[in-house]
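A.B. asks: Okay, here's the structure, questions in a sec.
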Amino acid sequence: MNTTIRTQVGILGAGPAGLLLAHLLQKAGIDSVVIDSRSRADIEGTVRAGIVESPAAAVLAKSGVSDRIYTDGMKHDGVEFHFDGGRHRIDFNALIGKSVYLYPQHEVLRDLIAARIRDGVPPLFEHKADAVLDAESSCPRIVGTDAAGQTFDITADIVVGADGSGSIARIPVSGSRGGYFREYPFGWYGILVEAPPSAPELIYSRGDDGFVLISTRDKKVQRMYFQCDPSMDVNSVSDDQIWDRLQAGVAGIELKRGPIFKKDVLRFRSFVAGELRKGRVFLIGDAAHTVPPTGAKGMNLAFSDVLWINQALRSFFASGSERLLDAYPHNALDRIWRAQNYSYWMTSMLHVAPDASEFDKKRSLGELYSVTTSRYGQQYLAEGYVGWEYGADDWM
Ligand code: DHB
């Protein structure tokens, strides 16, 4: 049996980008259908990273997705940088007058899914897209298979690929290969641990052995990472070795320990797709780009794409004009490349490459001192960290 659906905007991916877009479109009276190969329990149950920039928090709150971010989220007014045996605080509030919110991405997803259900248009979970067809016609299609093994065919005026780094929508737009890449010779070994926070703010550390990050999820669960070889086996270190490595990274703070209940190795990649549009198919979020995790730009950057494409779709459905659709790649790429630079910069400044010379190591310390001891340097760091204001500001 084949299910056929007709909608204005077919959205692949019930991640933060796809769901926020569906929510904003609905507020403008534009129909959409969101599909995802994963189940709702899978999407809501995976513990994810959690820094929401100040402008991203405002979008979620003002669009009616969630006020919880301001009540349940932890407001952080700064971060600490540890290096060369010393501690340096970057005070976002004093420097920029803004804060970030520690509100894990799975909570954002719960809020966004709840909003779709409340509005009577739940995402179609366990719907796996096999292909996006007819990109250059006026009615592109998403074809695939659902959990019961039935095929589906969604025909839309516009298809938006928000289906992450393994995007199916990217194939007709930009090809399965190509684009702009950078690999890194290191990754992160991450743990989730049952313990209270060790410090009131996040600690980014650069030691002789490389990077350490002490982050948090909530009052009972903490997230910590140390730099590792990207091909490292998660089971090749004992818990004691993990704690030694993390503790060595922080100066003057005793880490609060507890049972480690998840261990993983994250690989780093910088990527921007060669094209963000083909005909009536557009890419947003991780389908369009990936940043290394340092600085936690991923979801916040995806929201910028959402606001640009939302603005363009509103104009298209209101007037038939493709002017803003044509402008989408140019508009989105401005922030994409600024965020790529920021994530690359934070990553390279705080990690020690396996082949780093003594010169390289001392130069990196010079860079860290230049940034953390100058008000202008601190301000540059803080401005990017709390998040630049979004370009498409007429999103409501
Ligand atoms: C986290 C991840 C990041 O990349 C970062 O810069 C800060 C925090 C996290 O997982 O909590």
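The values are calculated or read from the model by the stated rules, or taken from the named source; none is laboratory data. Keep in mind that what you see is a predicted model, and the values were worked out from it rather than measured. Virtual Cβ from ideal backbone geometry, glycine too; neighbours counted across all protein chains shown. For accessibility, only protein heavy atoms count, side chains too; no ligands or nucleic acids. Shrake-Rupley method; radii C 1.70, N 1.55, O 1.52, S 1.80 Å.
A.B. asks: If only one of ARG314, ARG363, ARG338, ARG280 is charged (D, E, K, R), exposed (fewer than 15 other Cβ atoms within 10 Å of the Cβ) and modelled with pLDDT of 95 or more, which one is it?
C.D. replies: The conditions single out ARG363.
A.B. asks: Looking only at region 341-359, count how many residues are open to solvent by less than 60 Å² (accessible area, probe 1.4 Å) and charged (D, E, K, R). Don't jump to the end; show me each part of the working.
C.D. replies: Just the residues of region 341-359 that are open to solvent by less than 60 Å² (accessible area, probe 1.4 Å), to begin with: 342-343, 345-353, 356-357.
If we keep only those that are charged (D, E, K, R) too, we end up with none.
Counting residues in region 341-359 that are open to solvent by less than 60 Å² (accessible area, probe 1.4 Å) and charged (D, E, K, R) gives 0.
A.B. asks: Output yes when any residue across region 217-225 is among the basic types (Lys, Arg), at pLDDT 95 or above and more than 12 Å from the ligand (Cβ to nearest atom), and no when none is.
C.D. replies: no
A.B. asks: Within region 155-230, which strands (runs of 3 or more DSSP E) (wholly inside it) include 1 or more residues that are touching a Lys or Arg at 6+ places or on another chain (Cβ under 8 Å) and buried (at least 19 other Cβ atoms within 10 Å of the Cβ)?
C.D. replies: The qualifying strands (runs of 3 or more DSSP E) are 187-194, 210-216, 221-228.
A.B. asks: In addition: Name every residue in region 254-278 that is farther than 17 Å from SER176 by Cα and in a loop (DSSP other than H, G, I, E, B), in order of residue number.
C.D. replies: Selection gives GLU254, LEU255, LYS256, ARG257, GLY258, PRO259, ARG267, PHE268.
A.B. asks: When residues of region 47-100 are filtered for being open to solvent by 10 Å² or more (accessible area, probe 1.4 Å), closer than 17 Å to LEU368 by Cα and out of contact with any Gly (no Cβ under 6 Å at 6 or more places or on another chain), how many remain?
C.D. replies: 6
A.B. asks: Considering only region 346-359, I want to know if a residue exists there that is under 18 Å from the mean Cα position of the chain (by Cα) and either within 16 Å of the ligand (Cβ to nearest atom) or at pLDDT 95 or above (or both).
C.D. replies: So far as region 346-359 goes, yes, one or more of its residues are under 18 Å from the mean Cα position of the chain (by Cα) and either within 16 Å of the ligand (Cβ to nearest atom) or at pLDDT 95 or above (or both).
A.B. asks: Among the residues of region 49-74, how many are without any contact (Cβ under 8 Å) to a residue 60 or more places away in the chain and over 17 Å from GLY384 (Cα atoms)? Before the answer, list the steps.
C.D. replies: If we filter region 49-74 for residues that are without any contact (Cβ under 8 Å) to a residue 60 or more places away in the chain, which is where we start, we get 57-58, 60-61, 64-73.
Filter again for over 17 Å from GLY384 (Cα atoms), leaving 60-61, 64-73.
Residues in region 49-74 being without any contact (Cβ under 8 Å) to a residue 60 or more places away in the chain and over 17 Å from GLY384 (Cα atoms): 12 in total.
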